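The values are calculated or read from the model by the stated rules, or taken from the named source; none is laboratory data. Quick caveat: nothing in here was measured; it's all calculated off a predicted structure. No Cβ is skipped: glycine too gets one built from the backbone with ideal geometry, and neighbour counts run over all protein chains shown. To get the accessible areas, we keep the full protein, side chains included, count just its heavy atoms, and leave off ligands, DNA and RNA. Shrake-Rupley method; radii C 1.70, N 1.55, O 1.52, S 1.80 Å.
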Amino acid sequence: MAASQLAAEDLTVFGVDPWWLVVVKAVFCFAFLLVTVLVAIVWERKVVAWMQLRIGPNRHGPWGMLQSLADGVKLALKEDLVVTASDKVVFILAPVISAIPAFLAVAVIPFGPADHEISIFGTRTTMQLTDLPVAMLYILAAASVGIYGIVLAGWASGSTYPLLGGVRSAAQMVSYEIAMGLSFAAVFIYSGSMSTSAIVDAQTHTWFVCLLPVSFVIYVISMVGETNRAPFDLPEAEGELVGGFNTEYSSLKFAMFMLAEYINMVTVSAVASVLFLGGWRAPWPISSFWAGANHGWWPLLWMIIKIQLLLFFFIWLRGTLPRLRYDQFMKLGWKVLIPVSLVWLVMVATFRALRNKGYSFGTDVLYVGGAVVVLLLLSIVWDMVRKREEPAAAAAGEQPAFDPMAGGFPVPPLPGQQLPPVPRRRSRTPESVAAQSVAALKGADEDA
């Protein structure tokens, strides 16, 4: 009896809604993601066309708004191919493994306040499927599992380019998930909780984008890398990998990879809204003169607006920036984002510890600002010393001349190597011929 009561009490952390209401909320989350993805695909094609001075989709539906449905029907009717040399079981399961975790993360996203503000069929409930004390760790775990689908797809295809795309995806996940987790840690320190609803409640007066701007910037960069979106779409770079991990996929399997990518975009945008942009709270100008902006069904509207703005940011990046080289991409993750995240996390922890001990705001700024100045000075000195050492090392060690055709095919130079000068034919314009003649006469006179 005691054990059953304890189990019932433990399950209350997941919510107290009846089973039919849980089903309704789950269906809403599923439908919300699908509808948002359909809108995002059309919106992306329209916005990129507008940026590139093109017309964009305009055939299916009014103003081309049903283009996503047409694409889905086209993919469903295409021939479903399974590569002969592939591991067929893993090849078929990989898109499923990639898509399912993408749906799971939205379960802990709050779309409204946690005080039973709305009524669904006469039952008062929250606009959240469930909330956990470690909800953010649950989101990180779901995002990490989704990468396995991409890695397994590249390995199971039995082809070189998909394998390279899968390996790139694994390295990308490791590199940028660390920086993303460190940006989460700063939010945990300020909010005192890993629960998504508690984090939104901690932003009642000030959004964390104002208090933790460095964490917000790091998370925004990391979320673009985590979702394999341009300019960080190295796992599916068509220029060098044909299509990357999904090269051998077609029909609905390819559609599931595409669906997982867009759902991950929606999920990371919702997480950014929850962690840094006040979640379901109305923006400052609206909340200041409208008392009911954060009650009833209105919080759902503010959450959707924030998600759509962040999706526009994804589209804007794709239409603006070129793809990075892989060495630049890894250098940004390991040499910039992770060190900056660590230093910023130490600063935030120090600042909060001083506040908890009762130090004044000025003293906190003095201590933290002094540490920042010391770190900046050390970095400047290190850069100066390194720049002096590099020419000396280059002069000391004589490197052999770089031959781009040594292996029988052109190879780009590695860091530190330089291409030999390209021989060019002399110009044959009248001015250049006259100048060459004068130079030849001068040389003959000097020899004489």
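Sorting check: for 284-294, 298-308, 256-266, 96-106, which peptide has the highest mean count of neighbouring beta carbons within 10 Å, and how do the rest follow?
Descending packing order for the listed peptides: 256-266, 96-106, 298-308, 284-294.
Under the rule a/c < 1.5 gives rounded, and otherwise a/b versus b/c splits prolate from oblate, where does region 160-231 land using the Cα gyration tensor?
It is prolate, given that a/c is not under 1.5 and a/b is the larger ratio.
For the full complex of protein chains and a 1.4 angstrom probe, list 180, 173 by accessible area with the highest value first. Please report the intermediate quantities before stating the final value.
Values: 180 10, 173 40 Å².
From most accessible down to least: 173, 180.
How do 55-65, 238-248 rank on mean C-beta neighbours within 10 Å, highest first?
238-248, 55-65
For region 51-195, rounded, prolate or oblate, judged on the Cα gyration tensor with a ≥ b ≥ c (square roots of eigenvalues), a/c < 1.5 rounded, else prolate if a/b > b/c?
oblate
From the square roots a ≥ b ≥ c of the eigenvalues of the alpha-carbon gyration tensor of region 293-355, which class results: rounded (a/c under 1.5), prolate (a/b over b/c), or oblate?
Note, shape of region 293-355 comes out oblate.
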